[in-house]
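Note sheet for the following structure.
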Ligand SMILES: [Mg+2]
């Protein structure tokens, strides 16, 4: 790693965590427990946010007076379309929160993640997460891993409220919050389009190739790693 790196920004799915955990564990869990969550004691602000999104969603059937069962159907349609809607992300975070607290869900990270976080932490490098999952969902994932609570080694959790991952502006914003320049920020991700955006913002980038990841096309000068052991 270059000496001028002050902070590392990590993607989750396909980088710290197997993509299969998200698609085979988290998403099915949210879908299976959604109805029960909305029936029991839903958070009012997320319900209002979803209703507003529904009213603004031109691709969905209009539903001005959405009732709870209708809202379930709408949320399921968002999941079917893999929409990264803020309301859906927040709702999923709340459903997962219950699962993590009940011990039914445990965050999955690759075996090299904890040693790397400790190594970087010791060197005084700040490590933050940037994922399209909500900041709450990120905290829950990293606090319940088989390697213990990793949130003490992390100094920030950024989600789409900082902007989308394919926009350069998001990386400028995040660097400013972390308190370093984009040139001092190393972004690690499994998706070439995200690395391109970070690079145009001036960040240093590394492509992470994990088992189960989709093949990516990156320019020849982008560094590729298979585990965090390679990032010293
Ligand atoms: Mg990813």
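The values are calculated or read from the model by the stated rules, or taken from the named source; none is laboratory data. On a predicted model such as this, the values are computed, not experimentally measured, just so you know. Here the Cβ positions follow ideal geometry from the backbone for every residue, glycine too, while neighbour counts run over all protein chains shown.
Here are a few things to note about the model shown:
- Checking each residue in region 1-32 for being more than 20 Å from the chain's Cα centre (by Cα) and either at pLDDT below 95 or not in a loop (DSSP other than H, G, I, E, B) (or both) picks out 1, 2, 3, 4, 32.
- Residue list for region 171-195, restricted to those being within 16 Å of the ligand (Cβ to nearest atom) and surrounded by fewer than 22 Cβ atoms within 10 Å (Cβ to Cβ): 190, 191, 192, 193
- For region 220-232, a residue qualifies if it is part of a loop (DSSP other than H, G, I, E, B), within 20 Å of the chain's Cα centre (by Cα) and without any contact (Cβ under 8 Å) to a residue 40 or more places away in the chain, and exactly one does: 226.
- Flag if residue 50 is more than 30 Å from residue 188 (Cβ to Cβ) and crowded, with 20+ Cβ neighbours inside 10 Å: yes
- Exactly one residue out of 55, 30, 7, 61 is surrounded by 11 or more Cβ atoms within 10 Å (Cβ to Cβ) and over 30 Å from residue 226 (Cα atoms), and it is 55.
- From the list 105, 71, the one residue that fits, being in a loop (DSSP other than H, G, I, E, B), away from the ligand (no atom under 16 Å from the Cβ) and crowded, with 18+ Cβ neighbours inside 10 Å, is 105.
- Checking each residue in region 23-54 for being within 15 Å of the ligand (Cβ to nearest atom) and in contact (Cβ under 8 Å) with a residue 12 or more places away in the chain picks out 26, 27.
- Residue satisfying condition, being within 28 Å of residue 207 (Cα to Cα) and assigned by TED's automatic domain parsing to the domain that holds residue 97, within set 34, 50, 26, 38: 26
- All told, residue 91 falls short of being buried (at least 16 other Cβ atoms within 10 Å of the Cβ) and modelled with pLDDT of 95 or more.
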